[in-house]
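Undergrad: First the structure, then my questions, so here it is.
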């Protein structure tokens, strides 16, 4: 019985290591895409002007990220913290604060 528990623990450890590696790979890919998106002239200009229309006209990469399943949702946030554009367009969602947290943080 102890041997079975050891094997199960080893298997769980291996699965956890595999999942951690996948999460890290995904995080690296998302950070790379975010950096590329942040350098697109239309994103820079649309964010500077706080204008979603400029973003929509000039930044097809916003749509491509979701169509290629790189991201489920892309949100462009302006300097004031307000969402300028959401792709795909979704209704605004307000999440409740967690216990012990008084303000949102980035």
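Undergrad: Which residue, of 54, 26, 64, is assigned to a helix (DSSP H, G or I), under 16 Å from the mean Cα position of the chain (by Cα) and surrounded by 13 or more Cβ atoms within 10 Å (Cβ to Cβ)?
TA: On inspection, the qualifying residue turns out to be 64.
Undergrad: Follow-up question, since we're still on this one. Which numbered condition in (1) in contact with a strand residue (DSSP E or B) (Cβ under 8 Å, 6 or more places away or on another chain); (2) at pLDDT 80 or above; (3) surrounded by fewer than 13 Cβ atoms within 10 Å (Cβ to Cβ) is the only one that residue 19 fails?
TA: (1)
Undergrad: Another question, if that's okay. For the list (1) exposed (fewer than 11 other Cβ atoms within 10 Å of the Cβ); (2) modelled with pLDDT under 85; (3) in a helix (DSSP H, G or I), I need the number of the one condition that residue 89 fails.
TA: Exception for residue 89: condition (3).
Undergrad: Residue under question is residue 83, and the condition is that it be surrounded by 11 or more Cβ atoms within 10 Å (Cβ to Cβ), touching a strand residue (DSSP E or B) at 6+ places or on another chain (Cβ under 9 Å), closer than 25 Å to residue 29 by Cα and at pLDDT 80 or above; does it hold?
TA: The answer is no for residue 83.
Undergrad: Among the residues of region 40-49, which ones are within 13 Å of residue 76 (Cβ to Cβ) and exposed (fewer than 13 other Cβ atoms within 10 Å of the Cβ)? Lay out the reasoning, then the answer.
TA: Restricting attention to region 40-49, the residues satisfying the condition of being within 13 Å of residue 76 (Cβ to Cβ) are 40, 42-49.
Result: 48, single match.
The values are calculated or read from the model by the stated rules, or taken from the named source; none is laboratory data. This is a predicted model, so every value here is computed, not measured. Neighbour counts run over all protein chains shown; Cβ positions are idealised from the backbone, glycine included.
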